[in-house]
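The values are calculated or read from the model by the stated rules, or taken from the named source; none is laboratory data. This is a predicted model, so every value here is computed, not measured. Reconstructed Cβ throughout: ideal geometry from the backbone, glycine too, with neighbour counts over all protein chains shown.
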Amino acid sequence: MARENMYQSLEVFYEKVKECPLRDRQFNFFELVYVVSGTGYYTVNGNTFSYQSGDLFLLTPKDCHEFDLEGICEFMVVRFGENYIREYQWKSIDHIECLLYYASHLSGSLLVTNDDKQMVHSLMLHLQQTINHTSVYAEDLILHLVNAVIVIAARNIAAVKPKNLLPNADIRLLQILDYIQQHIRKPELLKIAEIAKKFGLSSTYLGSYFRKQCNESIQQYISSYRIRLIEHRLRFSDKRVHEIADEFGFADESHINKFFKRHTGMSLKQYRNERIFTL
């Protein structure tokens, strides 16, 4: 399998093609692919999905992908490296890199709502116009447009709910899931009694209600989401263990290590040492 490398922090381009120029390739960067026009099939890591105009796909480093085009297709492609995400001062999405890295489990296009589809369509049109006309402040405008698309992509990834969530889950459950994600660093607000009080439910009913809707307990969901964010800190930040423990509301290093080892089978130090060589 061939590897494609990128040696600059950001690259944006438009292409009109009748066949995929790169097949069976593995990148060392993120790639957002927006389908301007055309249809066909998109394969990532062995999973194949149909695509059409308006779809947005995200490839993470080490993903393997290719497009099978049904005739001529137009794409807008945005490529960016890890440093681009790390260096930009995201205000409200402090774990945006984590969201992007965990996009590989998603099926098909990132865009779900019509509002986001229309917004990305407009952004991509402006992006295409900007890269075609060199003018003053063009580079700054490109950065702002790209960042807007990344935030929308991250917002859609964050909205992905438990894989066992029932398709007809009601609005109250979605509000509970949003509440958990919003307060994942404040364990005192994630006690069952606190969540139940917030949504006007009894603790007993909340537990059975959540399990019925998601096929897992609310404690399991909270723990798995917290583990995911801790893994991100270990892999992509220089934070010390005591700093991570403080960030997620653990009493000390011992407490967070016991929690992490119970769920992953290894200590934080062991996880960081093993994963750092796979980047």
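Things worth noting here:
- Verdict on PHE260 being surrounded by 18 or more Cβ atoms within 10 Å (Cβ to Cβ), touching a residue at least 12 places away in the same chain (Cβ under 8 Å) and closer than 25 Å to ILE176 by Cα: yes
- Exclusive hit being farther than 30 Å from GLU82 by Cα, part of a helix (DSSP H, G or I) and over 23 Å from the mean Cα position of the chain (by Cα), set LYS212, LYS261: LYS212
- Residue match in the range 231-251 (condition: under 27 Å from ILE171 (Cα atoms), among the hydroxyl-bearing types (Ser, Thr, Tyr) and either in contact (Cβ under 8 Å) with a residue 60 or more places away in the chain or assigned to a loop (DSSP other than H, G, I, E, B) (or both)): no
- Considering the conditions (1) under 21 Å from the mean Cα position of the chain (by Cα); (2) free of Cβ contacts under 8 Å to residues at least 40 places away in the same chain, HIS255 is excluded by exactly one of them, (1).
- The set of residues in the range 111-148 being modelled with pLDDT of 85 or more and of a type in the set (Gly, Ala, Ser) consists of SER122, ALA138, ALA148.
- Single condition MET266 does not satisfy, out of (1) touching a helix residue (DSSP H, G or I) at 6+ places or on another chain (Cβ under 6 Å); (2) part of a loop (DSSP other than H, G, I, E, B): (1)
- Note on the range 32-86: enclosed strands (runs of 3 or more DSSP E) holding 2 or more residues that are hydroxyl-bearing (Ser, Thr, Tyr) and surrounded by 14 or more Cβ atoms within 10 Å (Cβ to Cβ) are 40-44.
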